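Enquirer: Dumping the structure here so I can ask a few things about it.
The values are calculated or read from the model by the stated rules, or taken from the named source; none is laboratory data. These figures come from a predicted structure and were not determined experimentally. Note: ideal-geometry Cβ built from the backbone for every residue, glycine included; neighbour counts use all protein chains shown. Quick note on the areas: whole protein, heavy atoms, side chains included, nothing else; ligands and nucleic acids left out. Shrake-Rupley method; radii C 1.70, N 1.55, O 1.52, S 1.80 Å.
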Amino acid sequence: MALEHAILVSLTELSGSGYELANRFDKSIGFFWSATHQQIYRVLTRMDAAGWIVGTAVVQEGRPDKKVYSVSEAGRTELDRWIAEPTEPSTLREELAVKIRGAANGDIAALTAEVRRHRSVHVERLELYRLIEKRDFPSPADLTGTALHQYLVLRGGIRVEEGFAEWCDEILEKL
């Protein structure tokens, strides 16, 4: 997936400036497709040149004008093409797994501490996802359209974090 497609998805949900888009990435899409603010601005420029988005200048008092982007018809066509395109399942690439595999050659106490640290990060992220779920999706059975799709992605993130936390618990028990 190109960053362009993640930006198109975000802009179909809500038009916004580069700054607003970067902040939304930090709070949502960025949990599973990260990008720096600089990358987002560079890609917005390319997308504008390609005709996938339209930028509208908005005058602001006491601040420089901003450009608010929305998805053009060409951008919607590209997004539709990309969504229909087959996607290869991703392969887990986890450095901690390689360290565990080589544990017989290293410091088990240091590795155990590292597994505890990883577990803590995954549990913290899981708690955040559950808070978002409770706040933004109090009635999951009633969801449709974009809200349902956002919820399903969040549920995927919850399940991944649950799995990682459980895996870390198993490792700690066995080590």
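Enquirer: Which value, to two decimals, describes the C-alpha radius of gyration of the range 102-175 once divided by 2.2 N^0.38 Å?
Expert: Normalised Cα radius of gyration, the range 102-175: 1.45.
Enquirer: Let me have the relative contact order for the chain, percent, based on Cα pairs under 8 Å that are six or more residues apart.
Expert: Relative contact order here is 18 percent.
Enquirer: Oh, and also: R0 = 41 Å: FRET efficiency of GLU114 with THR146, Cβ-based, nearest 0.05?
Expert: 0.60
Enquirer: For the range 98-154, what is the charge dipole size about the Cα centre, in debye to the nearest 20, if Lys and Arg each add +1 at the Cβ and Asp and Glu each add -1 at the Cβ?
Expert: Here the size comes out at about 220 debye.
Enquirer: If you don't mind, there's one more thing I want to ask. So, with +1 on the Cβ of K and R and -1 on the Cβ of D and E, and no other charges, what is the size of the charge dipole of the range 43-119 about its Cα centre, to the nearest 20 debye?
Expert: 360
Enquirer: Then there's this: Which length gain, in nm to one decimal place, applies between ASP136 and GLU85 when the Cα-Cα distance is subtracted from 0.36 nm times their residue separation?
Expert: So the chain would gain 15.4 nm between ASP136 and GLU85.
Enquirer: Taking the Cα centre of the range 29-175 as origin and charging only Cβ (+1 Lys, Arg; -1 Asp, Glu), how large is the dipole, in debye to the nearest 20?
Expert: Using only the charged Cβ atoms, the result is roughly 320 debye.
Enquirer: Grab the Cα-Cα distance for LYS174 and ARG159, subtract it from 0.36 nm times how many residues apart they are, and report the gain in nm with one decimal.
Expert: Separation in residues times 0.36 nm, less the Cα-Cα distance, equals 3.2 nm.
Enquirer: Another question about this same structure. Taking the highest mean first, how do the peptides 160-172, 48-60 order by number of other beta carbon atoms within 10 angstrom per residue?
Expert: 160-172, 48-60
Enquirer: For the residue pair TRP33 and THR45, what label-to-label distance in nm results when each label sits 7 Å from Cα along the Cα-to-beta-carbon direction?
Expert: Once both label points are built, they end up 2.2 nm from each other.
Enquirer: So what is the 222 nm mean residue ellipticity for the chain from helices alone, if each DSSP H run of at least 4 adds -39500 (n - 2.57) and you divide by all residues, rounding to the nearest 500 deg cm²/dmol?
Expert: Mean residue ellipticity at 222 nm (helix-derived): -21500 deg cm²/dmol.
Enquirer: For a quick check of your reading of the filter: which trypsin sites (Lys or Arg not before Pro) in the range 23-119 sit in a DSSP loop and have no more than 13 other Cβ atoms within 10 Å?
Expert: ARG93
Enquirer: Using a 1.4 Å probe, how large is the accessible area of VAL121, given in Å² and rounded to the nearest 10?
Expert: Rounded to the nearest 10, that gives 60 Å².
Enquirer: On to the next question. Go through 132-144, 10-22, 29-41 and give me the packing order, highest mean Cβ count within 10 Å leading.
Expert: With the highest mean Cβ count within 10 Å placed first, the list reads 10-22, 29-41, 132-144.
Enquirer: Moving on. Students often get this wrong, so try it: which of (i) 25, 19, 16; (ii) 37, 19, 17; (iii) 23, 21, 16 is semi-axes √(5λ) of the Cα gyration tensor in Å as calculated from the structure shown?
Expert: Checked against the structure: label (ii).
Enquirer: Mind checking which of GLY62, SER90, THR45 is farthest towards the positive end of the range 34-127's charge dipole, using Cβ charges of +1 (Lys, Arg) and -1 (Asp, Glu) about the Cα centre?
Expert: Looking along the dipole axis, the top candidate is GLY62.
Enquirer: Just read off the accessible area of LEU92 with the full protein assembly in place, 1.4 Å probe, to the nearest 10 Å².
Expert: Accessible area, nearest 10 Å²: 130 Å².
Enquirer: Would you work out which of PHE137, PHE31, PHE164 lies farthest towards the positive end of the dipole of the chain? Charges go on Cβ: Lys and Arg +1, Asp and Glu -1.
Expert: It is PHE31.
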